[in-house]
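Here is the structure we will look at, set down as structure tokens.
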Amino acid sequence: MEVALKQLIAYLLENLILDFQGDLTLEMVRNFLRDDESKSAKQLLGKLVDDGGVSDMMIVLADCLVENIKTGVTPEVVSNQIADYSES
């Protein structure tokens, strides 16, 4: 691959913005987690309630997941990022 093309690809990856489609609400998260009695689910819900909704989580999660674009955004990566967010 030529140097110029590599530079373009590097630029695009460095400036990639990740966003989520759809309108996730706190109520939707509650519904997803209603049968989950785990500590992590309770911790996440508590954090979202303290934050007043899911907006902050979505922004932080998107920013953190961009770093994983090159290696892959897998369910495990998303799970780890959600855990990090809820513990912050």
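Here, each number is a calculation from the coordinates, and none is a lab measurement. The model shown is predicted, which means the values in this text are computed figures rather than measured ones. Don't worry about glycine lacking a Cβ; one is built from the backbone with ideal geometry, like all the others, and counts go over all protein chains shown.
Within the range 7-44, the residues that satisfy the criterion of being within 17 Å of the chain's Cα centre (by Cα), small (Gly, Ala, Ser) and either more than 16 Å from residue 57 (Cβ to Cβ) or surrounded by 10 or more Cβ atoms within 10 Å (Cβ to Cβ) (or both) are 40, 41.
May I ask you to list the residues in the range 43-88 that are among the basic types (Lys, Arg) and under 18 Å from residue 24 (Cα atoms)?
Of everything in the range 43-88, just one residue is among the basic types (Lys, Arg) and under 18 Å from residue 24 (Cα atoms), namely 47.
Can you confirm whether the range 2-16 contains a residue that is of a type in the set (Val, Ile, Thr) and under 25 Å from residue 86 (Cα atoms)? Among the residues of the range 2-16, not one is of a type in the set (Val, Ile, Thr) and under 25 Å from residue 86 (Cα atoms), which makes the answer no. With respect to the conditions (1) among the hydrophobic types (A, V, I, L, M, F, W, C); (2) assigned to a helix (DSSP H, G or I); (3) closer than 21 Å to residue 66 by Cβ, residue 16 falls short on a single one, namely (2).
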